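To start, the structure itself, in structure tokens.
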Amino acid sequence: MLIDDKVPLYIAGTQGHVHVCLHGTGHSALSYAALAEQLKSDCIVAAFDFRGHGDHFCENESDLSAETLIQDTIRVLEFV
């Protein structure tokens, strides 16, 4: 699934608590695939690619400032 045709969001599970996973530099949302597989029967696991990582696409992929990444995360949390 894509948020605003830019941010890849991966969701596993359909019920229970929601866990939003944030990957580190040089990684992607797929870093959480094994975790999601283990947890999806009891909860929902959501992970997304930060700009400049994975399949994320936006005009300024190189803006990795703390403020920008926080705003990107807030947008994803609001969507989830």
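Of note:
- Solvent-accessible surface of segment 12-58, averaged per residue with a 1.4 angstrom probe and all protein chains in place: 59 square angstrom.
- CD proxy at 222 nm, helix term only [per DSSP H run n ≥ 4: -39500 (n - 2.57); per residue of the chain; nearest 500]: -8000 deg cm²/dmol
- Backbone phi angles across segment 24-39, fed through the Karplus curve with coefficients 6.51, -1.76 and 1.60 (θ = phi - 60°), yield HN-Hα couplings of x, 4, x, 10, 8, 4, 5, 4, 9, 4, 5, 4, 4, 4, 6, 9 Hz in residue order; Gly and Pro are listed as x.
- Dipole magnitude for the chain: computed about the Cα centre from +1 point charges on Lys and Arg Cβ and -1 point charges on Asp and Glu Cβ, it is near 260 debye.
- Prolate/oblate/rounded label for the chain (Cα gyration tensor, a/c 1.5): prolate
- For Asp49, residues with placed amide H under 5 Å, excluding near neighbours: Ala29
- The chain: relative contact order in percent, alpha carbon pairs under 8 Å with at least 6 residues between: 33
- Distant-in-sequence amide contacts of His19, defined by a placed amide H-H separation under 5 Å and a gap of 5 or more residues or a different chain, comprise Ile44, Val45, Ala46.
- The accessible surface of the chain, taken with every protein chain in place and a 1.4 Å probe, is 54 percent carbon and sulfur.
The values are calculated or read from the model by the stated rules, or taken from the named source; none is laboratory data. Nothing here was measured: the structure is a model prediction, and the numbers come from that model. Every residue, glycine as well, gets a Cβ built from its backbone with ideal geometry; the counts of neighbours run over all protein chains shown. Heavy atoms of the whole protein, side chains included, go into the accessibility calculation; ligands, DNA and RNA do not. Shrake-Rupley method; radii C 1.70, N 1.55, O 1.52, S 1.80 Å.
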